[in-house]
Amino acid sequence: MIDNKKVLFSGMQATGTITLGNYLGALKNWVTLSDEYECFYSVVDLHSITVRQDPAELRKRARNLLTLYIAAGLDPKKNCIYYQSHVSGHAELGWILDCFTYMGELNRMTQFKDKSAKHADNINAGLYTYPVLMAADILLFQADVVPVGKDQLQHLEITRDIAERFNNIYGDVFTIPEPYLGKAGAKIMSLQDPTKKMSKSDENANASIFLLDDTDTIIRKFKRAVTDSEACIRYCDEQPGIHNLIDIYSACTSKTPEEIVAEFEGKGYGDFKLAVGETVANTLKPVQDRFYELQSEKAYIDGIIKENAEKANYYATKTLRKVQKKVGFPERIR
Ligand code: TYM
């Protein structure tokens, strides 16, 4: 608890331009939850280097991502928006928690298996211990709640296991976090292959809507979206393409799938795809406009980066000192 408010932590990687999946699965919910909780939203750049990055590109993307957090509606005076690399406590707690995590647990992580298959020439130790660093991110702030998309639930599970193991040995050190999944949009699928999740790193640019895609591009990508052959709009597993479009429309409009099916009764795929494309474009337009405005406000963004890193460091250090003491490190002499 901070000032009688429960704590929320979440983060996003700056490895590519973020997608509609990241927006509907995470960022949009962050904005909704931000009044209720004391929030920490990190641009998790330590996580990004588990895959090779071009340094200048990474720096640029990280800055753009931080700016997008604000453009999406997170007030940086109320929400602590910061770069993970500016708070050394993440890496320090990560190391300690590595010593409380079993290889057998890490071997089960599906994201590790997927990423090692994708980057077979660079299966590094960081990729393997990635979930432990993620646990450190969350536990460092004693987070009660962590809003994420479905693909991160396994990492939340291991975070809880590590925290419980640590607490069993040393007493109540960590708050046990709960995941938060939005009502709609927790798993947005690729527009070209609706059995695969929409991803920043998809080689086919038509498969993903990027947050800064312009209206024409968004509508074109939806028009090309792979659908099914039944030619009617139903919400069922046999029609994964339409299922995905209904989920997207539902997350943007807050209408239920049943309401959407009723709205498009008797209409064809073409009409529906156009409606989804226009709705997504209208949803993203204000975020994009604000993003381009903020990009030119360099001093303002710099100020936020500095102030929020200080705030994040303050809370991170509190937990870190407690943990260091528990495991037996000598106290600092002041
Ligand atoms: P990342 O950067 O891959 O994704 C950021 C957030 O977006 C969600 N997401 C999706 N939601 C719905 N549909 C999709 N297709 C989709 N793709 C991504 C993710 O679930 C996530 O919530 N390991 C994390 C970053 C991280 C983190 C943390 C998150 C590091 N430390 C601590 C929460 C708490 C990741 O790679 O997310």
ask   = Going highest first, how would you order 237-247, 6-16, 311-321, 48-58 by mean Cβ packing within 10 Å?
value = 6-16, 237-247, 311-321, 48-58
ask   = Along the Cα-to-C-beta direction of Lys298, a point sits 7 Å from the Cα; which residues of the range 77-120 have their amide N less than 20 Å from that point?
value = 83
The range 108-211 - convex hull of the alpha-carbon atoms, volume per residue in Å³ = 126 Å³
message = Using Stokes-Einstein with the Kirkwood hydrodynamic radius over Cα pairs, what translational diffusion coefficient do you get for the range 56-178 at 25 °C and a viscosity of 0.890 mPa s, in µm²/s rounded to a whole number?
response = 154 µm²/s
task = Would you work out which of Phe291, Ile219, His243 lies farthest towards the positive end of the dipole of the range 215-293, given +1 charges on the beta-carbon of Lys and Arg and -1 on that of Asp and Glu, about the Cα centre?
result = Phe291
remark   = Gyration tensor (Cα only) of the range 1-114 to equivalent ellipsoid, semi-axes in Å sorted down, yields 24, 20, 15
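For the ranges 195-207, 295-307, what's the packing order if you count other beta-carbon atoms within 10 Å of each residue, average per peptide, and put the highest first?
Working: 195-207: 14.9, 295-307: 13.0.
Highest to lowest by the protection proxy: 195-207, 295-307.
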message = If you fit an axis through the alpha-carbon atoms of helix 153-170 and take the longest principal axis of the Cα set of the chain, what angle between them do you get, 0 to 90°, nearest 10?
response = 20 degrees
key: With 10 Å bins from 0: P(r) over the range 27-68, alpha-carbon pairs, percent   = 24, 44, 25, 7
query = Mind checking the angle between helix 240-253 and the chain's longest principal axis? C-alpha axes, 0 to 90 degrees, to the nearest 10.
reply = 70 degrees
ask   = Cα extents of the range 262-328 along the three principal axes, largest first, in whole Å?
value = 68, 36, 13
message = Report the Cα centroid-to-centroid distance between the range 153-178 and the range 25-47 in angstrom, as an integer.
response = 20 Å
Between helix 269-295 and the chain: long-axis angle, C-alpha atoms, 0 to 90°, nearest 10 = 40 degrees
inquiry  = If a paramagnetic tag sat 7 Å from the Cα of Asn313 along the Cα-Cβ line, which residues of the range 57-90 would have the backbone N under 16 Å from that point?
reply    = 81-90
query = Tell me, how many Å apart are the Cα centres for the range 226-245 and for the range 298-334?
reply = 49 Å
request  = Report the calculated FRET efficiency for Lys118 and Asp161 (r = Cβ-Cβ distance, R0 = 30 Å), to the nearest 0.05.
outcome  = 0.70
query = What is the spin-label model distance, in nm, from Glu331 to Lys187 if the labels are put 7 Å beyond Cα along the C-beta direction?
reply = 5.0 nm
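How large is the direction-averaged shadow of the alpha-carbon convex hull of the chain, in nm²? Intermediate values should be presented prior to the final figure.
Details: hull surface 74.0 nm².
Directional mean of the projected Cα hull area for the chain stands at 18.5 nm².
Sorting Trp30, Trp95 on the 10 Å Cβ count, fewest up front, what's the list?
Values: Trp30 24, Trp95 12.
With the sparsest Cβ surroundings first, the list reads Trp95, Trp30.
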ask   = Quick one: what does P(r) look like for the range 215-293 with 5 Å bins over all Cα pairs, in whole %?
value = 3, 16, 26, 25, 15, 7, 4, 2, 1
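Strictly over 27 Å apart at the Cα level, which of Lys5/Lys77; Lys223/Lys298; Lys28/Lys326; Lys196/Lys221; Lys77/Lys113 would you flag in this model?
Result: Lys223/Lys298; Lys28/Lys326; Lys77/Lys113 exceed 27 Å.
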ask   = Can you sort Thr17, Thr32 by how many other beta carbons sit within 10 Å, fewest first?
value = Thr32, Thr17
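All of the numbers you see were taken from the coordinates with simple rules; none came from a lab. Just so it is clear, the model here is predicted, and its values are computed rather than measured. Methodologically, a virtual Cβ is constructed for each residue, glycine included, from the backbone with ideal geometry; neighbour enumeration extends over all protein chains shown.
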